Structure formats: structure tokens, C-alpha cells
Amino acid sequence: SDVALAVGYGSWINDIARYELERLGILSRCKHGSGSFRPFDVNRDGFITGEGGAAIFLESYEKASQRGANILGRIKGVSNAIEFSPGQKFSVPEKVCKRSVLSVLEDAACSVSDLAFIIPHGSGTQKGDRSELNSLMDIFNEQKADAPLCGLKPYTGHIGAASDIAEIIFGIHAVREKTIPATLNFHATEKRFSDLKISASPRQCEKNQFLSVSYGVGGQSSTVVVEVPCA
């Protein structure tokens, strides 16, 4: 079919879900209330859960154009990859999304320098965020280019399967507003990542495509590049 509906819903505020996540050691202790969810910050200690849903209507470009649809964004590339941890541990590998990001850039026929920004998964855990930033730093060094990074989950709390679809929607609106979103609650990252463009304040952008990353604890990573038509 040339039409589809991508839907995600997550309810991670109930006791059972929170107990399971707590056992994995990936929830913030919330010592600073809602300000405790701070992706990429040197003092990050996990995420805060939330509840919500998000949906994106997908249609072939030809069909959407024929009916005069208001096209909000165009998927330029998608990729999925799995990285395995040594000893088959149920953990985040050292560079969880490197292959997936390189693959989606190839699929989208673009480079890092073509992106307005990148939305990493940004769970706010020490190991997970470090794995993502290691992945991206490798790619930036190889391409001798970089792009701003923005972690968006603190705006909603981590809402599971809905988070990454919601972040694509946020990314589309940000590009339409010519804005690089701020990473909420961010102050400073680890010294090794200090050259990365992570900001606690929104900034202006002129480019019209972005890359979004999601990953799971087992090492699965999914990426998408979205182009936003000029308003």
C-alpha cells in the first residue's frame, strides 16, 4: 500500500513499568525534580518516565502531490542495525548507533554537514548517552564535519514507543520554525565531548533536514532522515 499510519504509545508511569525500569538501573533518582532528566549532561543519572502517544500519517510522495496534500516532511532515508556487547551481555554496546547513522546517511544521500541537527535517543543514562556520543564523534571525525545535537525526551518524559515518533514531529516543527531545539536541563557534558554542539538554549538554523536516532538496551538502533519542505 502507498499509505500507512505509524503509531506509538507508551505508559511508563504505572507501578509495574516503573519497577521493571528501576530494576534495570536506568531511572533518574529525581534529586532535582523535573530538572533531573538531562541528556548528555555530565551529571545525568537516568530518565523520568511519562505517558503519551504520537502518530504520523505516511503516504507516497506521488499520491500526496496528486491530491494536493500539505506535505509536512519527506522521509529521505531509514536504517536499522544491531550492535552486540561482548559476552552477549544485556547492555548498551560501546557505539550503539554508529553503523545505523552511517547507513541512513548513505540511504538519504546526504552527509552530516547537510543536517540542521541530530536528535539522538538521549535516555539520560551515563552509559547510553556516552555510547551515542562516541558513535557520533567517530562519524564527525571521519567526515570532518559536525551537526548540533538536541535531546528532546525531557520535554515529555520518556514515553517508550511514542517518544521517537514524537521527536520526529518535534523535529519537523523545529525546522519549519528555523530553530535548533534546546536540550532541556543541559549544563555541561563530559570533557571528552566538550566540542560537540549541545546547547541549553534554542538556536537558529537554515538547513531543512534532520536525523533522528532511537535505540534499545539490547543494541538495536533505528535512524531516519527527514526533509522538511520550505514553508
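The values are calculated or read from the model by the stated rules, or taken from the named source; none is laboratory data. Source: prediction; values computed, not measured. Quick reminder, even Gly has a Cβ in these numbers, built from the backbone with ideal geometry, and neighbours come from all protein chains shown. Ligands, DNA and RNA are excluded from the accessible area calculation, which covers all protein heavy atoms including side chains. Shrake-Rupley method; radii C 1.70, N 1.55, O 1.52, S 1.80 Å.
Which residues, taken from region 178-207, are more than 20 Å from residue 127 (Cα to Cα), out of contact with any Ser or Thr (no Cβ under 8 Å at 6 or more places or on another chain) and not β-branched (Val, Ile, Thr)?
178, 181, 201, 206, 207
Can you find even one residue in region 47-63 that is part of a loop (DSSP other than H, G, I, E, B) and in contact with a Lys or Arg (Cβ under 6 Å, 6 or more places away or on another chain)?
no
Which residue pairs have Cβ atoms closer than 6 Å, lie 6 or more positions apart in sequence or on different chains, and pair a first residue in region 172-200 that is in contact (Cβ under 8 Å) with a residue 40 or more places away in the chain with a second residue that is outside any loop (DSSP other than H, G, I, E, B) and of a type in the set (D, E, K, R)?
Every condition considered, the pairs that remain are 180/203.
Considering only region 160-185, state which residues are under 12 Å from residue 37 (Cβ atoms) and in contact with a strand residue (DSSP E or B) (Cβ under 6 Å, 6 or more places away or on another chain).
183
So, in region 133-187, exactly how many residues are among the acidic types (Asp, Glu), under 21 Å from residue 28 (Cα atoms) and in contact with a helix residue (DSSP H, G or I) (Cβ under 9 Å, 6 or more places away or on another chain)?
1
So residue 205 passes all but one of these: (1) surrounded by 20 or more Cβ atoms within 10 Å (Cβ to Cβ); (2) among the hydrophobic types (A, V, I, L, M, F, W, C); (3) more than 29 Å from residue 11 (Cα to Cα). Which condition number does it fail?
Exception for residue 205: condition (1).
If a residue must be touching a residue at least 40 places away in the same chain (Cβ under 8 Å), of a type in the set (D, E, K, R) and over 13 Å from residue 211 (Cβ atoms), how many such residues does region 120-146 contain?
Within region 120-146, residues that are touching a residue at least 40 places away in the same chain (Cβ under 8 Å), of a type in the set (D, E, K, R) and over 13 Å from residue 211 (Cβ atoms) number 3.
Checking residue 19 against (1) open to solvent by 60 Å² or more (accessible area, probe 1.4 Å); (2) not in a helix (DSSP H, G or I), which single condition isn't satisfied?
(2)
Can you pull out the residues in region 22-46 that are on the phi > 0 side of the Ramachandran plot and in a helix (DSSP H, G or I)?
33
Please go through (1) open to solvent by less than 70 Å² (accessible area, probe 1.4 Å); (2) under 15 Å from the mean Cα position of the chain (by Cα) for residue 93 and return the number of the only condition it doesn't satisfy.
(2)
I'd like to check something: does region 222-229 contain any residue that is under 26 Å from residue 127 (Cα atoms), small (Gly, Ala, Ser) and crowded, with 23+ Cβ neighbours inside 10 Å?
Checking region 222-229: not a single residue is under 26 Å from residue 127 (Cα atoms), small (Gly, Ala, Ser) and crowded, with 23+ Cβ neighbours inside 10 Å.
Given the conditions (1) among the charged types (D, E, K, R); (2) out of contact with any strand residue (DSSP E or B) (no Cβ under 8 Å at 6 or more places or on another chain); (3) open to solvent by 40 Å² or more (accessible area, probe 1.4 Å), and given that residue 38 satisfies all but one, which numbered condition is not satisfied?
The failed condition is (3).
Mind checking which pairs have a first residue in region 206-223 that is of a type in the set (D, E, K, R) and a second that is crowded, with 20+ Cβ neighbours inside 10 Å, Cβ under 8 Å, 6 or more apart or different chains?
Filtered contacts from region 206-223: 206/116; 207/115; 207/116; 207/175.
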